[in-house]
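See structure below.
The values are calculated or read from the model by the stated rules, or taken from the named source; none is laboratory data. All of these numbers come straight from a predicted model, not from anything done at the bench. Ideal geometry is used to build each Cβ from the backbone, glycine not excepted, and the neighbour counts take in all protein chains shown.
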Amino acid sequence: MTHSLRTHALRWHATLGLGMCCCVFVPAAHGYTVGITAGTRALFLQVGAGTMSGTTFNSGGTPGNNTAVNTASVTVPSAQLGSGTAQAMTTSSAVTSSPWDGFAFCTSPATTGQVYVGGFYRVPGLTGNAATLSVTTPISLTNGNGDTIPFASIAWTSSGNSDATPTIPSGAFTGGAQTLLSVTRNTWFESCMAFRYLNTQLVPAGTFTGRAVFTLTTP
Amino acid sequence: MKAGRLAAPTACLLLALAAWPAAAATFRVDDTGTYLSQPMTPMRWRQLVPGRAGDNTVEGRVNVALRLNLSAWVNRPARIYMGLAPTEGEQMLATWRTQGRLLPGTVRGGSRTLVFEGVVREPFLQENIVLDLMADGRSVERAQSLQFFFEIEVTP
């Protein structure tokens, strides 16, 4: 009786073993798959002074965050106040070369007042909207007494060495948010902006200040 | 005389056909046991910054340990091809280096390239290849699966 039970148990195990062999059957593979991911997204904007570890982008440089705020300023001679003769502004920016390759893109900011503005928008894919370069200014520049000058009194001329047509169009501030450029996907852009005060009105004495904030926005 | 002139090219043609009969049969090769060094290969911009020249190439690299089951064709002359199924958008270009058991080469999506020609000597062909992938990054918008495969051509 005991012997018979053992035999039965052994058979059961054998049957189980066969079943497991069937379960581990692996079908033939006729090819292998390489999974890939798309390239990364990246965005860069430099207005005036920038920071770069290494020399330039095209030689492997890596940009850093530069919090410096450059100025564009002018002192209007009293004899010229409100004359309508535009007054060229000078800048604290000393940037002449493109961070892309070091090319001398702007001309002597100390004498021309040119402020370098450049960047790029990198994104995989062919479809989708462009990035937007915009600038926001308050309605007016103000002095310590609360006197104002419309920000629209400041205009700029865009240029760039070897650029037949400036990338960022010339224009004037509007005293609010305004679009400067639609930045096509996967392109580099840069311009040198020389500011001028239009000087069309008499204003009280004083130092009038205001800040223009440039923003590059992705869709 | 005219018949003699025609005889030479005809003979050449016949010889060529004899070297590789047109009726060669093609089979997909079982590559069970092939594995990759990484499950996902990130494609990186050759130049992250799109400069004035606008280089939009993305590149990726993966090591592949191949194991081709050729047991059905041992001692038979054969040609083996590595193929890449059609890819989304811009054609992917795959280039590989080998350790000598297979030929190095390049293949585009939707085509195949010869990697072996000769008599199959072993039931399993094992080879490690370094696979470099390249494409226009503007066309590689999302993660994809690239389907590589092997085909063998043998005479009946």
Count, please, the residues in the range B:113-149 that happen to be among the β-branched types (V, I, T), under 14 Å from B:L70 (Cβ atoms) and either outside any strand (DSSP E or B) or within 7 Å of chain A (Cβ to nearest Cβ) (or both).
-> 1
Exclusive hit being hydrophobic (A, V, I, L, M, F, W, C) and over 18 Å from A:T71 (Cβ atoms), set A:A164, A:A194, A:A155 = A:A164
Determine which member of the set B:R46, B:R52 is closer than 12 Å to B:G137 by Cβ, in contact with a strand residue (DSSP E or B) (Cβ under 7 Å, 6 or more places away or on another chain), surrounded by fewer than 17 Cβ atoms within 10 Å (Cβ to Cβ) and at pLDDT below 95.
-> B:R46
When both residues are 6+ apart or on different chains and their Cβ atoms are under 8 Å apart, which pairs have a first residue that lies in the range A:55-66 and is at the interface with chain B (Cβ under 10 Å from one of its Cβ atoms) and without any contact (Cβ under 8 Å) to a residue 24 or more places away in the chain, and a second that is surrounded by 10 or more Cβ atoms within 10 Å (Cβ to Cβ) and in a loop (DSSP other than H, G, I, E, B)?
-> A:G60/A:G54; A:T62/A:G54
Scanning for something more than 14 Å from every other protein chain (Cβ to nearest Cβ), on the phi > 0 side of the Ramachandran plot and part of a loop (DSSP other than H, G, I, E, B), does the range A:123-146 turn up at least one residue?
-> yes
What pairs can you find where one residue is in the range B:103-128 and among the basic types (K, R), the other is part of a loop (DSSP other than H, G, I, E, B), and their Cβ atoms are less than 9 Å apart, with a gap of 6+ or different chains?
-> B:R108/B:T87; B:R108/B:Q91; B:R108/B:M92; B:R121/B:L70; B:R121/B:V74; B:R121/B:N75
Quick check: is even one residue across the range A:91-98 away from every other protein chain (no Cβ under 14 Å), hydroxyl-bearing (S, T, Y), within 26 Å of A:G64 (Cα to Cα) and more than 22 Å from the chain's Cα centre (by Cα)?
-> no
Exactly one of A:T217, A:T184, A:T179 is surrounded by fewer than 16 Cβ atoms within 10 Å (Cβ to Cβ) and within 14 Å of chain B (Cβ to nearest Cβ), and that one is A:T184
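Would you pick out the residues in the range B:82-101 that are farther than 25 Å from B:M43 by Cα and either within 14 Å of another protein chain (Cβ to nearest Cβ) or in contact with a Leu (Cβ under 7 Å, 6 or more places away or on another chain) (or both)?
The answer is B:R101, and nothing else.
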